[in-house]
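Only one structure is covered here, and it is reproduced in the block below.
The values are calculated or read from the model by the stated rules, or taken from the named source; none is laboratory data. All of these numbers come straight from a predicted model, not from anything done at the bench. Note that we place each Cβ from the backbone using ideal geometry, even for glycine, and neighbour counts take in every protein chain shown.
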Amino acid sequence: MKKTVVINVVGLTKRLIGEHTPFIKSFLERGQASYIEPVLPAVTCAVQSTYLTGKWPSEHGIVGNGWYFKDECEVKFWRQSNKLVEQPKIWDDLKEKYPNFTCANHFWWYNMYSNVDFSLTPRPNYLADGRKIPDVYSYPAELRDEMQSTLGTFPLFEFWGPKTTINSSKWIANAALLTDKKHNPDLTLIYLPHLDYNLQRYGLDFKIISKDLNEIDAVVKQLVQHYESLDTRVILLSEYGITNVNKPIHLNRILRKEGYIAIREERGLELLDAGQSDAFAVADHQIAHVYCKNEKDIVKVATLIKAVEGVEKVLYGEDLKDYHIDHDRCGDIVVVADKDSWFTYYFWLDDAKAPDYARMVDIHKKPGYDPVEMMTDPKDKLVMAKVVGKLIQKKMGFRTVMDIIPINATLIKGSHGRITEDVEDYPIFISNHSFGKKNQTISAIQVRDLIEDHLLN
């Protein structure tokens, strides 16, 4: 078995490789590369599950970063159990064939309760007094303590939210190196999210993102040089490309005005009541899953959505099979934005009645993905003073709401999820090991077998 590492550089595309990524550029030039035809939806959880199983979302069941759990009548995002992936992963298959095979997974999603040998994933502690304490979950359990005693506490608030920095990707990279030095797994998976942040905030504005590109280039260099010194086969890949957007689409507001959305009011604020709604949208970047309570409404709702400016595709019925997304977890209708647009989860019509979580970083309460969680209000000059004041209150044991996130979707300038027109914006697969035919575009479902080929041939 040949030692292999897969470094997932989120958002990396051919368009971004150049003067600001000198090491990645040199790795590309001396290695072999292919574009990866994007999965629909081109979002983290769906793509990673496709890469690791070699199956489409219609087979593995991960239809997005979250979906409507019909048995519970709740929208849930960013679940973590590997049991949600309904197909064997590459390590499952290899462990069956090769009992001594070992695998380490550093922060790829659905990382809890799999049968990898070493795993790390973000898992904060929620205390009774309302505080959220940065932490990770690991297998074996002692791995967590080993990592944090050496590297310090995982910088959770720099992994997501307004304070994101390169430090979270550095921590993950350093954790992978420690695991490798101590345990020497055959296959290592590493997730580096850094480019996700400012590419969504600012789009392809190289005056801003050049710094981010240089930062991630240095982390990749550190990893590749370590692994190549051990004669490791190194794969750099990405899940999707982020492109410029300028138009948020509020599908739930449209459905609400047409009488499909059910709302509960609590303490003067509004909450989406998914179980009582005749139709509602689960927004996930440039994809939205629309769930209809009654089958007879599907065509009517689809016709309504087709007329919405910024909508490119409205898929339902047999259409879903064409895109390999026809699974019970999938919406009755899947909506795809055009290249300039993306979908919000917003369902309220008056910001004064928005739920309290709308102004917070709260990835588990929101019935959809919210990239605005990475922003603070640029017009609020006192926002940092407010943050400091709220943190002091929390440390003193007081309950307080960290309501610093603006309700302004126009702040977001980059998104992903649809299949882009230009291959320069496709995800990419680069290796220091020869594979397949040169300059060929590969399918996302081929990635799993290519990883296995690196290990075995």
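Just to be sure before I move on: is Glu158 touching a helix residue (DSSP H, G or I) at 6+ places or on another chain (Cβ under 7 Å), free of Cβ contacts under 8 Å to residues at least 12 places away in the same chain and not small (Gly, Ala, Ser) in the structure I sent?
On the way: touching a helix residue (DSSP H, G or I) at 6+ places or on another chain (Cβ under 7 Å): yes; free of Cβ contacts under 8 Å to residues at least 12 places away in the same chain: yes; not small (Gly, Ala, Ser): yes.
So Glu158 passes the test.
Do we have Lys366 as basic (Lys, Arg) and surrounded by fewer than 20 Cβ atoms within 10 Å (Cβ to Cβ) here? Criteria not met by Lys366.
Per the listing Thr376, Thr441, the residue uniquely buried (at least 16 other Cβ atoms within 10 Å of the Cβ) and under 25 Å from the mean Cα position of the chain (by Cα) is Thr376. Just checking, does the stretch 263-276 include any residue being outside the structural domain of Asn432 (by TED's automatic domain parsing), of a type in the set (Asp, Glu), farther than 24 Å from Leu28 by Cβ and crowded, with 18+ Cβ neighbours inside 10 Å? Yes, because at least one residue in the stretch 263-276 is outside the structural domain of Asn432 (by TED's automatic domain parsing), of a type in the set (Asp, Glu), farther than 24 Å from Leu28 by Cβ and crowded, with 18+ Cβ neighbours inside 10 Å.
Residues in the stretch 300-345 that are surrounded by fewer than 16 Cβ atoms within 10 Å (Cβ to Cβ) and farther than 30 Å from Leu204 by Cα: Lys300, Thr303, Gly317, Glu318, Asp319, Lys321, Asp322, Asp328. Filtering the stretch 362-381 for residues that are assigned by TED's automatic domain parsing to the domain that holds Gly317 and at pLDDT below 75 leaves a non-empty set.
With respect to Ser114, is the statement that it is touching a strand residue (DSSP E or B) at 6+ places or on another chain (Cβ under 6 Å), of a type in the set (S, T, N, Q) and closer than 20 Å to Lys89 by Cβ true? Break it down into steps so the answer makes sense when it comes.
On the way: touching a strand residue (DSSP E or B) at 6+ places or on another chain (Cβ under 6 Å): no; of a type in the set (S, T, N, Q): yes; closer than 20 Å to Lys89 by Cβ: yes.
Taking the combined requirement at face value, the residue does not satisfy it.
The residue that is surrounded by the fewest Cβ atoms within 10 Å (Cβ to Cβ), among those in the stretch 101-131 that are among the aliphatic types (A, V, I, L, M) and closer than 23 Å to Lys2 by Cβ, is Val116. Could you tell me whether Met384 is surrounded by 15 or more Cβ atoms within 10 Å (Cβ to Cβ) and either in contact (Cβ under 8 Å) with a residue 12 or more places away in the chain or not charged (D, E, K, R) (or both)? When the stated conditions are applied, Met384 does not pass them. Selection over the stretch 186-203 of residues that are touching a helix residue (DSSP H, G or I) at 6+ places or on another chain (Cβ under 7 Å) and farther than 19 Å from Ser168 by Cβ gives a count of 2. Could we say that Gly61 is more than 26 Å from Lys221 (Cα to Cα), among the small types (Gly, Ala, Ser) and under 22 Å from the mean Cα position of the chain (by Cα) here? Criteria met by Gly61. Counting only helices (runs of 4 or more DSSP H) that sit wholly inside the stretch 117-233, those with at least 2 residues that are closer than 22 Å to Leu455 by Cβ are 167-183, 206-229.
Check every one of the helices (runs of 4 or more DSSP H) wholly within the stretch 1-97 and list those with 1 or more residues that are within 28 Å of Lys438 (Cβ to Cβ) and among the basic types (Lys, Arg). Correct list: 22-30.
With respect to the conditions (1) in the same structural domain as Ala104 (by TED's automatic domain parsing); (2) in contact with a Leu (Cβ under 6 Å, 6 or more places away or on another chain), Ala444 lacks only one, and its number is (2).
Considering only the stretch 237-289, state which residues are under 30 Å from Leu12 (Cβ atoms), in a strand (DSSP E or B) and of a type outside the set (Lys, Arg). Hits for the stretch 237-289 are Leu237, Thr243, Asn244, Pro248, Ile249, Ala281, Val282, Ala283, Asp284, Ile287, Ala288, His289. Across the stretch 95-114, the number of residues qualifying as under 18 Å from His454 (Cβ atoms) and among the aliphatic types (A, V, I, L, M) comes to 1.
Would you check which residues across the stretch 423-456 are touching a residue at least 40 places away in the same chain (Cβ under 8 Å) and part of a loop (DSSP other than H, G, I, E, B) and list them?
Just the residues of the stretch 423-456 that are touching a residue at least 40 places away in the same chain (Cβ under 8 Å), to begin with: 423-436, 438-452, 454-456.
Those that are touching a residue at least 40 places away in the same chain (Cβ under 8 Å) and part of a loop (DSSP other than H, G, I, E, B): Tyr426, Pro427, Asn432, His433, Ser434, Phe435, Gly436, Lys438, Asn439, Gln440, Thr441.
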